[in-house]
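Just so you know, all these numbers are worked out from the coordinates, no wet-lab data involved. Here the structure is a predicted model, which is why all the values come from computation and not from measurement. Please note: Cβ atoms are built from the backbone with ideal geometry, for glycine as well, and neighbour counts cover all protein chains shown.
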Ligand code: UFG
């Protein structure tokens, strides 16, 4: 039987690439789109090495309707879409809000138009815990209200979810699952695939590994005076391979549902809160490397404390995280060591 084709927008990015590997492992045929605006071509080679497959790949922007339509027509029949393609840097979105709204909204809107025209009805959307802002209580479940977004990036995720909810309400054929990621970290356990920031990293773990590797001089922990046990922020760090596996569970679920069950959304996290300082110490412990770090001033816009209640994803997708934070840090370091030529 022919494998079911799933279009993966942003498939050369960090989360997209790991998900492509999981899709192959589960018998799907991923069709990748990427425009490399924020990703590195070498991740595609990593996917090929791990899977032994030659990839089905189109270079282009999914906000370009002609291009996108062409891919749908050429690859007919696609069973579903996973939409990863988006800008994701909080700081950059504050500096270039219009660029963020234009890119993140246009790509989703164009995708929805083309899906409707081409009768492709299953969509998995990359959302974020950023939609909750600073939650009133933790762990955060899916009932938590959306707070006013801290950044244009966060606002795009909230707006995209609103668009999807409305689109699902209006179209009984359309089936959508949004996955709200907490903090994805780590790399493929083979060390052949991982996070490859094209500029100076904003996120904590690539900054840690690049500092340990000597690419950066020092890690600054942003704030040591928060109202948390050790004064640093608390996050839910989830292994990228766990996150990728959840996407496969989500598309499996949509493909067996015979009709629209309303707009669906799930938190993807481990359920464990880990402080930034704790994570730094665990990194030193599992890798045995020395890490030059210091506590510095707070970073504007940081949520103090958030971690997931992932019970809904467990109950309805049959998914829960399998890897520990230590596994993720070990894998991130193994990947960093292979990529010392930044
Ligand atoms: N941090 C440091 N030093 C650094 C980098 C980060 O101390 O050099 C701290 C941050 O202040 C924060 C924690 O590490 O307390 C995690 O920061 P990240 O930038 O790695 O991740 P965020 O929690 O800020 O961001 C993540 C996703 C975003 C999403 C956001 C929602 O990367 O896409 O969660 O809160 F919008």
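Brief remarks follow.
- Three-way shape call for segment 116-194 based on the alpha-carbon gyration tensor, with the a/c threshold at 1.5: oblate
- Volume per residue of the C-alpha convex hull in segment 80-123, rounded to whole Å³: 51 Å³
- Calculated [θ] (222 nm, deg cm²/dmol) that DSSP helices of n ≥ 4 give over the chain, each run adding -39,500 (n - 2.57): -12500 deg cm²/dmol
- Packing here is the average count of other Cβ atoms within 10 Å per residue, and on that basis the peptides 187-193, 239-245, 133-139, highest first, run 239-245, 187-193, 133-139.
- Among 145, 197, 206, the largest mean-square fluctuation in a Gaussian network model of the chain (Cα springs under 10 Å) belongs to 145.
- Global form of segment 148-209, assessed from the alpha-carbon gyration tensor, a/c cut-off 1.5: oblate
- Spin-label model distance (nm) - residue 304 vs residue 257, 7 Å beyond Cα toward Cβ: 3.6 nm
- Using a simple spin-label model with pseudo-atoms 7 Å out from Cα toward Cβ, residue 45 and residue 291 lie 2.8 nm apart.
- Separation between Cα centres of segment 1-32 and segment 68-114, rounded to whole Å: 16 Å
- Computed on segment 283-342, the Cα convex hull volume stands at 177 Å³ per residue.
- Segment 1-102 gives an Rg/Rh value of 0.99, both radii derived from C-alpha positions and Rh following Kirkwood.
- Across all directions, the average flat footprint of the convex hull enclosing the Cα atoms of segment 62-136 is 5.9 nm².
- Pairwise inverse Cα distances across the chain, averaged and inverted, put the Kirkwood hydrodynamic radius at 20.3 Å.
- Percent of Cα pairs in segment 254-293 per distance bin of 10 Å, from zero to the largest separation: 21, 28, 17, 14, 18, 3.
- Residue 165-residue 141 FRET efficiency (beta carbon distance; Förster radius 22 Å; 0.05 resolution): 0.80
- Per the Debye calculation on segment 57-101 with a single equal scatterer at every Cα and no solvent contribution, log₁₀ I(q)/I(0) for q = 0.18, 0.19, 0.29 Å⁻¹ amounts to -0.67, -0.72, -1.09.
- Among beta bridges that DSSP assigns inside the chain, antiparallel share in %, nearest 5: 5 percent
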